[in-house]
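The structure appears right after this line, and notes come after that.
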Amino acid sequence: MNKDYGLGSLKKVFFLTVLAYFSVSFSALINAETRVVNSGLPDLDAAPSQYAGFSRLLDDESILVPEELLDINKDIKRIAFYHNGDRLHRKIPKQVHLMVENKLFGKFMGLGRFEVIDCIECRTTRVNFEDSRMHISQSAQSNQDLRELSKKVRVDAFLLWSASMHENKFTVNLRMVSSRSNEILWLKEYVKKTTRQQEELEFESIEMEFVVSAWGLGADRGGLNGTADAELSGVTGFGLRRREYTSLNKDIEYSLGVEYFKNFSSTDEFSVSGINLEGRVFVNIEAMKDWVKTKAYLGVGQAFFSGSHGLMLKFGLEFPFVTNGFMALGAVYLVPEEVEWDSDANYEENSEFGGSGLDLTLGYRF
């Protein structure tokens, strides 16, 4: 009797233990999911992201004005960037740190005034442990170290820079220091305040545009009973596009549009009409910015016309034309597809429409 009673007690204890384990696990699971669900969306009043904040600061046209940099000592020709801030303590992520440095590189290299070198030693961060404490330092810890480093990398000056963020204020500090005398040749601090709401509003710019195009797409229709062949040499298109760019890279734009096209020939041998749904990418041509702000474009679309459909490709150049206007000159290609024309006893009923031709477009943004 005692033995059976003990075995029953063990079973009950085991059962209660398993039940308690699953109860605790289920409770933890419920609580974990509740915390995730209640996390919510970011508040627009919260601090903006570091990437967007520093990007907006360095993309400002008043930052690093060329005329100001050209006035720096003419003997300074070869420079190296030296990050003298502590990225770990300032809590700036690595990708943001690299973005800031790359934008500064681009600003100085774009002048043609300086030869900017990539200095690996200038990026080296040392971590030492002394007396159970961690000490963070960089390659040059004194003026003499900086002079020795300049001999190794053969530069005339160092551009010491650091970036920091406090609440909604983004700051970049720049100092150009002579490699021989450690004299400060140029000193600047750039500051910009922003909020998450401003970031969301300015993150992308959206415009609408209306376009009228002439496409050199054609067709041939064979004549019957001695009638000469008929030829179609082009169609006219009317379109509406939604165009946008992001503040992360204003040199690239995107558009999505719809175009209606039709032939307006003076004869009745052809009657073609349809729509083209197109996505397009625009890229600024840097070499042309001092002459005419030119963009190269590539468009890919699907055209539906007269009971058929085919892939349509466009590429070319776009130029500004009057206020808010532009013109584009390029090429268009439509994969040829067979079309059934209106019945005419003097011509064949079917022939192909498409091919390649000139694309001339006039547009207006609003």
>> So, in the range 289-346, exactly how many residues are touching an Asp or Glu at 6+ places or on another chain (Cβ under 7 Å), charged (D, E, K, R) and closer than 23 Å to Met208 by Cα?
In response: 2
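I'm checking my understanding of the structure. Among residues of the range 294-342 that are among the charged types (D, E, K, R) and either touching a Pro at 6+ places or on another chain (Cβ under 6 Å) or surrounded by fewer than 14 Cβ atoms within 10 Å (Cβ to Cβ) (or both), which one is farthest from Gly216 (Cα to Cα)? Reasoning before the result, please.
Initially, the range 294-342 is screened for residues among the charged types (D, E, K, R), giving 295, 314, 318, 337-338, 340, 342.
If we keep only those that are either touching a Pro at 6+ places or on another chain (Cβ under 6 Å) or surrounded by fewer than 14 Cβ atoms within 10 Å (Cβ to Cβ) (or both) too, we end up with 338, 340, 342.
On the way: Glu338: 17, Glu340: 20, Asp342: 22 Å.
That would be Asp342.
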> Any residue in the range 144-151 that is among the small types (Gly, Ala, Ser), at pLDDT below 75 and either outside any strand (DSSP E or B) or not assigned by TED's automatic domain parsing to the domain that holds Leu58 (or both)?
Replying inline: yes
>> For the range 168-202, give me each residue that is buried (at least 16 other Cβ atoms within 10 Å of the Cβ), modelled with pLDDT under 85 and under 26 Å from the mean Cα position of the chain (by Cα).
In response: Asn168, Lys192, Thr194, Thr195, Arg196, Gln198, Glu199
>> Looking at the range 263-282 only, could you name the residues that are touching a Lys or Arg at 6+ places or on another chain (Cβ under 6 Å) and modelled with pLDDT of 85 or more?
In response: Ser273, Phe282
> Can you find a residue in the range 266-279 that is without any contact (Cβ under 8 Å) to a residue 24 or more places away in the chain, closer than 30 Å to Ala228 by Cα and of a type outside the set (Asp, Glu)?
Replying inline: yes
>> Given the criteria modelled with pLDDT of 85 or more and under 26 Å from the mean Cα position of the chain (by Cα), does Lys293 qualify?
In response: yes
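The values are calculated or read from the model by the stated rules, or taken from the named source; none is laboratory data. All of these numbers come straight from a predicted model, not from anything done at the bench. Every residue, glycine as well, gets a Cβ built from its backbone with ideal geometry; the counts of neighbours run over all protein chains shown.
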